[in-house]
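Contents: one structure, followed by commentary.
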Amino acid sequence: MPATFIKNGAHQLAINTRRKNSKAHIVFCGGFKSSMEGSKAIALEQFCEQKNVSYTRFDYSGHGSSDGDFADGNIDSWLSDTLCVIDSLEGVQQLILVGSSMGAWIATLAATKRPRSLAALVTLAAAPDFTERLLLPALNQSQLDTLRQHQPVLLPSDYDDGSPYHITSQLIENSRQHCVLDTVIEIDVPVRMLHGTQDLDVPYQLSIDLMNSIKSTDVQLNLIKNGDHRLSADEHLSILEQTMMQILANH
């Protein structure tokens, strides 16, 4: 099914929605500089098709098929995109947010903004507060000086098309307004978390910290032995599907 587009401010967001006769509606939030054509997003779509569950995947502004410049984006804008997508889905009774890496941070924030329709939250290799916890400590003095001069820092990427990440000072500064790990996160629905023990990009400690910050008492973290950051191998996608089945059994 080709993507359609919805407008959020100055940007056209690419969105792919499959509506089924189900109360639950799963929305997938992708990672930093990823697109809705990624393996987990597509695998979830196939799962939802088989189970007759409504499903939406989309691209943030500056990502994938949506317009906008990636370097202009930040947590504010990508959260706004996510809320715009959620709000475009009329009649959703039970919203299940699934977030991968940075998308887990975005999905967590979105969950606190739309509590009435929220039924569950699922995170994969969660990277909340990654700008403060992971990115800044990894920069050398020269790179930090570049940011202070409001110039972008280019970092190598093993993901997407391999082009470097453009890290900007406005991204860092904006992210500080949305850090969640030192707060009580007002989410009071079931939360299921998956994280690989061999994640070289985002240590699983961030998922532990996120679990401990969420208000809900129904939070489970599944540490996957030898799992990497992508969690896109067949055996990892199978664990994701089993997790979704458990969530859907109650909805």
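Given the criterion polar (S, T, N, Q), under 17 Å from the mean Cα position of the chain (by Cα), at pLDDT 95 or above and not in a strand (DSSP E or B), identify the matching residue among THR146, THR56, THR131, THR123.
That would be THR131, the only listed residue that is polar (S, T, N, Q), under 17 Å from the mean Cα position of the chain (by Cα), at pLDDT 95 or above and not in a strand (DSSP E or B).
Are any residues in region 69-95 assigned to a loop (DSSP other than H, G, I, E, B) and either among the hydrophobic types (A, V, I, L, M, F, W, C) or out of contact with any helix residue (DSSP H, G or I) (no Cβ under 8 Å at 6 or more places or on another chain) (or both), and if so, which ones? Spell out the reasoning first.
Step one: filter region 69-95 for residues assigned to a loop (DSSP other than H, G, I, E, B), giving 69, 73-74, 89-93.
Answer for region 69-95, where residues must be assigned to a loop (DSSP other than H, G, I, E, B) and either among the hydrophobic types (A, V, I, L, M, F, W, C) or out of contact with any helix residue (DSSP H, G or I) (no Cβ under 8 Å at 6 or more places or on another chain) (or both): ASP69, LEU89, GLU90, GLY91, VAL92, GLN93.
For residues that are touching a helix residue (DSSP H, G or I) at 6+ places or on another chain (Cβ under 9 Å), in contact (Cβ under 8 Å) with a residue 60 or more places away in the chain and part of a loop (DSSP other than H, G, I, E, B), scanning just region 160-198, find the one that is farthest from SER100 (Cα to Cα).
THR168
Just for region 28-43: of the residues that are among the hydrophobic types (A, V, I, L, M, F, W, C) and in contact with a helix residue (DSSP H, G or I) (Cβ under 6 Å, 6 or more places away or on another chain), which one is nearest to ILE247 (Cα to Cα)?
Once the filter is applied, the top-ranked residue is PHE28.
LYS51 fails exactly one of the following numbered conditions: (1) in contact with a strand residue (DSSP E or B) (Cβ under 6 Å, 6 or more places away or on another chain); (2) closer than 24 Å to GLY91 by Cα; (3) crowded, with 16+ Cβ neighbours inside 10 Å; (4) among the charged types (D, E, K, R). What is the number of that condition?
(1)
Test of understanding: among ASP199, ASP228, ASP234, ASP188, which residue is over 21 Å from GLY38 (Cβ atoms), modelled with pLDDT of 95 or more and among the acidic types (Asp, Glu)? Steps first, please.
On the way: ASP199 fails: over 21 Å from GLY38 (Cβ atoms); ASP228 fails: over 21 Å from GLY38 (Cβ atoms); ASP234 fails: over 21 Å from GLY38 (Cβ atoms).
Every option except ASP188 fails the conditions.
The values are calculated or read from the model by the stated rules, or taken from the named source; none is laboratory data. Every value quoted in this text rests on a predicted model; they were computed, and no experiment measured them. Methodologically, a virtual Cβ is constructed for each residue, glycine included, from the backbone with ideal geometry; neighbour enumeration extends over all protein chains shown.
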